[in-house]
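The next block holds one structure in the form of structure tokens; read it before the comments.
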Amino acid sequence: MSALTTVSAAGAAPDGRTPGHVVPGRRRLGGGWLGFAVRRLGGLLLAGTVLVVTTFLIVPLIPGDPARAIAGTNASPAAVAAIRARLGLDEPLGQRFLDYVTGLLSGDLGTSFRFGTPVGEVVTSRLPYTAQLALPAIVVVLLVAVPLGMTVGVLTRGGRRRWLDVGFGTLAGLLASLPAYVAATGLIVVFAIALDLLPPGGAETASSSVLPIAALAIGPAFAVARVVRQETASVLDQDYLRTARGRRLPAHRLYLRHALPNLLTSVLTLTGLVLTSLLGGTVIIENVFSYPGLGTAVVEAIVYRDYPVIQGVILSVGALALVVNLLVDVVLGLIDPRTLEGAPDAS
Amino acid sequence: MRRDGDAARPPSRRWGRLNPPLLAGAATLAGLVLLAGIAPVLWRDAAQTLTADLRLPPSWDHVLGTDPFGRDVLARALVATRLTLTMSVLATAVSFVAGVAIGSLLHLAPRWPREVALRLIDSAVAFPSLVFALVIAAVLGPGASSAVIAIGVAGVPGFARLTANLAASVSHREFVRTAALLGVPGPRILTRHVLPNVSGPLLVLLTSSFALTLLEISSLSFVGLGVQSPQYDWGRLLNEALPSIYDQPSLVVAPSVMLVVAGIGAMLLGDGVATALDPRRERRPVPAPAVAEPAPAAAAKPAVAEPAPEPAAGAAGGTPGPAALPVDPRVVLLVDGLTVGTAHDVLVDDVTFTIRAGEVVGLVGESGSGKSTIAMAVAGLLPDGLAVRARRLVLRDDAGDLDLLGSPPARRMATGIGVVYQDPGTTFNPALRLGAQLTEVQRVHLRRGRREATQDLVRALTEVSVTEPARRLRQHPHELSGGMLQRASIAAAMSAAPRLLVADEPTTALDVTVQAEVLRQFRRINVVHSTAMLFISHDIGVVGALCDTVLVLHRGRIVDRTSGAALRAGHAVHPYTRALLAATPSTADTDEPLHAVRWDGKEVAAP
């Protein structure tokens, strides 16, 4: 017994500290939100650079002579030359990039070929419409997916109610693979044409955004719900949930206070991409509903080869995606401060 | 889905086995491929010849009617399968080949460029892939081939990132390092050792990205940026149905159904491949109890001919025999004939003991002996799927006998039994501040205010020598060391002044110096509060040092009852206890060899 008593004498250090025992993975880089802000700012700058470079490259990458491609095959040499001059195509690539960036920094996105209006105006008039669809849709996705997936996860915990497990898995799988534009078409046929309950398109009234938001949210909601269900099962298996059960907490406290925050952390980390890709869905389904957002603008602009508008819209959609990513990370940080420490590649 | 009822399934090798989603997905896609092959041959005329039969309703000749140009709607949807699938396959191939190539090159690249490129890919993945698809569509102009390239290129970053990440994780493994040490050149390591070992996740991504690709290409065609008239894929057909959606809403049905069927088929295949490659995704039917693995001895000899437990009379320090159980008024916990088992296995077999106020009873045994199962059965915290039986399982407190077998009232359980768990790193909720978790019993069951409960806890933490207790309570678990957390959980477990403290291997996850400090706290609690304690450990030295009574468990049965005093003196009558003692470095004399515990129920392997 001598060994143990020696050890216990050594362990009872005066200040009660426990030397040499540090939880692994613990780094305090600038600590909490400050470190988070610094790191996130770096990430935003990098992603912004990728976005700016990519949109800039659209014109130089056009095969053949961009000015000829823009003007059309029947255009006169004078018209082609005018476009060439307007785009500054005779200048070296580096100079054009510099001009592009300085323009962006001063808020000048260029002028629409087709309408002759500043691209900034096109974007600012359209962006709110797209945000009005995408952001509520994201909220709807989470409001449907989390309670639904969690309820199913709790009800089927530890192998209970297999029928529910199988039924939910099948149904959610089917709905999760429903693309937004097919959902949108179906919703129009049913709710706008057959039942005549809601407007089939436009953005005149609040009711006209119901169908687009529903179409956008259906697929992602069930895709996320499946993840929630799976994560619920794994969170309920964790030791800390047993600890909470050991405190004999009422069910609502056990699930909402102890399981939910941990659940949301992993779910948001896993589904951040689902939420940003919902923005892509918005671009597409605006065309179904003739909705005056960025999506209809960019599709028209591509058809009419209106490159400044294309660049402006893609920049805005990309910026929206960055905002959504940032929001997800902020919510993650609020729920679970560990994520502020910067996981190696949390999206 | 993805569920198998049978726990006795043999551990799967690489391909587990075929599962229903895999089969359904593969069958659906095979059907579509077949359709892509034959539909254009059989129905091209019906699909493309303009006739005078405009906008016919469904009929025998035209199952889904005809479109505004008199073409058969169903035939068009079926014929379009070929173009849709071809484009999707091409685009997926572009993503896969380019992505894996870039990811592999990055893996071989020197550190600096690799880090930069990975960061760039990470930020590219954060954008919706449609953003890049639109960029390419803008560069190349609308058209089928530009849609293929657009969607294909948009998928490249995903594959590149996965390849690079997987390759990085594999290259830390032994066999890759060995190959590198043996001088195998980098590219060869990549093709021979790394890529084959990452093929599983890549295959999963490949199938799921095929589904996405198909739907995204169709979405480009749908908005008019993909396939152009007179060619048609499903997206184009849906696009052409839109203008006449009021007059002829049925036009949207065929292309929609085809898109949904293809999407579901590819999704099922992806799920199925993932399940088949990674059996862990298949959820375990019943959570395995912590003690499920049989000890080596048990594996060698099936459970027959267990010897009866040694008579406790000589060695036992204070536990009365079963007959005396209900009599002693100081008894706090009464366990009589406790048996715990799954459908296949008996984990705890007819275990009987009592704990009196102020007594520390230790349960000791090797892993798999059932000691933690007993602790959790007493605490009512066994995982699902374990059946508990006992003649009596009773906790006695001032309010009378509490039957632990039924569903005892939450409040009496929470205040009557305190539990300290094994690994402080996992038993704290990572998302909640310490104060919020540790005062919970006080606030929920004793209806005390937050401030009051916190003040109490600060006092209790000071008692167990936690430094800066008020600040600790505002911290999250990851900000504290393991020893600090374990002392905090002891303080919290004692905060409601329970009659019984169950400690399930509370020192196992701690390093030795911290262990000693935690043990000291248990001793102090026992002395100061005279709390009854059930102390679990595999370390007979620890148990001997702390416990009054020691129960030695082997394969779910109590084989020896002895006392801490006897163990401290090195006295052990039972051969298994002797073997355990001989295997403990802290109690064995330094000049004697250590012995492995091996006891088949009859004799001791160690001399």
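The values are calculated or read from the model by the stated rules, or taken from the named source; none is laboratory data. If you're wondering where the values come from, they're calculated on a predicted model, not measured in any experiment. Every residue, glycine among them, receives a Cβ derived from its backbone with ideal geometry; neighbour counts consider all protein chains shown.
Per-structure values
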| quantity | calculated |
| --- | --- |
| A:Leu254 being free of Cβ contacts under 8 Å to residues at least 60 places away in the same chain, more than 8 Å from chain B (Cβ to nearest Cβ) and either β-branched (Val, Ile, Thr) or assigned to a helix (DSSP H, G or I) (or both) | yes |
| Residue that is surrounded by the most Cβ atoms within 10 Å (Cβ to Cβ) [pool: residues in region B:109-127 that are in contact (Cβ under 8 Å) with a residue 40 or more places away in the chain and under 20 Å from B:Pro201 (Cα atoms)] | B:Ile121 |
| Selection count where residues are buried (at least 17 other Cβ atoms within 10 Å of the Cβ) and more than 8 Å from every other protein chain (Cβ to nearest Cβ), scope region A:43-58 | 3 |
| Residue tally, condition touching a Gly at 6+ places or on another chain (Cβ under 9 Å) and more than 24 Å from B:Phe353 (Cα to Cα), over region B:496-536 | 12 |
| Residue ID - nearest to the other protein chains (Cβ to nearest Cβ), chosen from residues in region B:128-162 that are closer than 17 Å to A:Ile62 by Cα, without any contact (Cβ under 8 Å) to a residue 60 or more places away in the chain and in contact with a Phe, Trp or Tyr (Cβ under 9 Å, 6 or more places away or on another chain) | B:Ala138 |
| Segments classed as helices (runs of 4 or more DSSP H), wholly inside region B:371-466, with at least 1 members that are more than 10 Å from every other protein chain (Cβ to nearest Cβ), of a type in the set (A, V, I, L, M, F, W, C) and closer than 29 Å to B:Leu510 by Cβ | B:371-379, B:434-438, B:450-463 |
| Some residue of region A:127-134 being within 11 Å of chain B (Cβ to nearest Cβ), part of a helix (DSSP H, G or I) and among the aromatic types (Phe, Trp, Tyr) | no |
| Odd one out for B:Ile264 among (1) in contact with an Asp or Glu (Cβ under 6 Å, 6 or more places away or on another chain); (2) assigned to a helix (DSSP H, G or I) | (1) |
| For B:Glu592: the one exception among (1) over 20 Å from B:Val360 (Cβ atoms); (2) at pLDDT 85 or above; (3) charged (D, E, K, R) | (2) |
| Among (1) within 11 Å of chain A (Cβ to nearest Cβ); (2) touching a residue at least 40 places away in the same chain (Cβ under 8 Å) - the single one B:Thr213 does not satisfy | (1) |
| Evaluation of B:Gly270 against (1) more than 8 Å from chain A (Cβ to nearest Cβ); (2) over 18 Å from A:Ala176 (Cα atoms) (one fails), failing number | (2) |
| Subset of region B:236-249 [more than 8 Å from chain A (Cβ to nearest Cβ) and under 26 Å from B:Thr86 (Cα atoms)] | B:Arg236, B:Leu237, B:Asn239, B:Glu240 |
| Selection within region A:244-270 - buried (at least 23 other Cβ atoms within 10 Å of the Cβ) and among the β-branched types (Val, Ile, Thr) | A:Val267 |
| Meets criteria (under 21 Å from A:Val298 (Cα atoms), surrounded by 13 or more Cβ atoms within 10 Å (Cβ to Cβ) and more than 24 Å from the chain's Cα centre (by Cα)) for A:Phe115 | yes |
| Search result, residues across region A:151-189 that are more than 9 Å from chain B (Cβ to nearest Cβ) and free of Cβ contacts under 8 Å to residues at least 12 places away in the same chain | A:Thr151, A:Leu155, A:Arg161, A:Trp163, A:Gly167 |
| Considering residues of region A:291-314 that are aromatic (Phe, Trp, Tyr) and part of a loop (DSSP other than H, G, I, E, B) only, the residue farthest from the other protein chains (Cβ to nearest Cβ) | A:Tyr291 |
| Scope region A:154-171; condition at pLDDT below 90 and crowded, with 21+ Cβ neighbours inside 10 Å; matching residues | A:Thr156, A:Asp165 |
| Among (1) touching a Phe, Trp or Tyr at 6+ places or on another chain (Cβ under 9 Å); (2) part of a helix (DSSP H, G or I); (3) touching a residue at least 40 places away in the same chain (Cβ under 8 Å) - the single one A:Val288 does not satisfy | (2) |
| Residues of region B:467-480 satisfying the condition of being surrounded by fewer than 20 Cβ atoms within 10 Å (Cβ to Cβ) and either charged (D, E, K, R) or within 14 Å of chain A (Cβ to nearest Cβ) (or both) | B:Thr467, B:Glu468, B:Arg471, B:Arg474, B:Gln475, B:His476, B:His478, B:Glu479 |
| Of residues in region A:315-347 being within 8 Å of chain B (Cβ to nearest Cβ) and at pLDDT below 85, the one nearest to the chain's Cα centre (by Cα) | A:Ser347 |
| Residue in region A:190-200 that is buried (at least 19 other Cβ atoms within 10 Å of the Cβ), of a type in the set (A, V, I, L, M, F, W, C), within 11 Å of chain B (Cβ to nearest Cβ) and farther than 23 Å from B:Gly265 by Cβ present | yes |
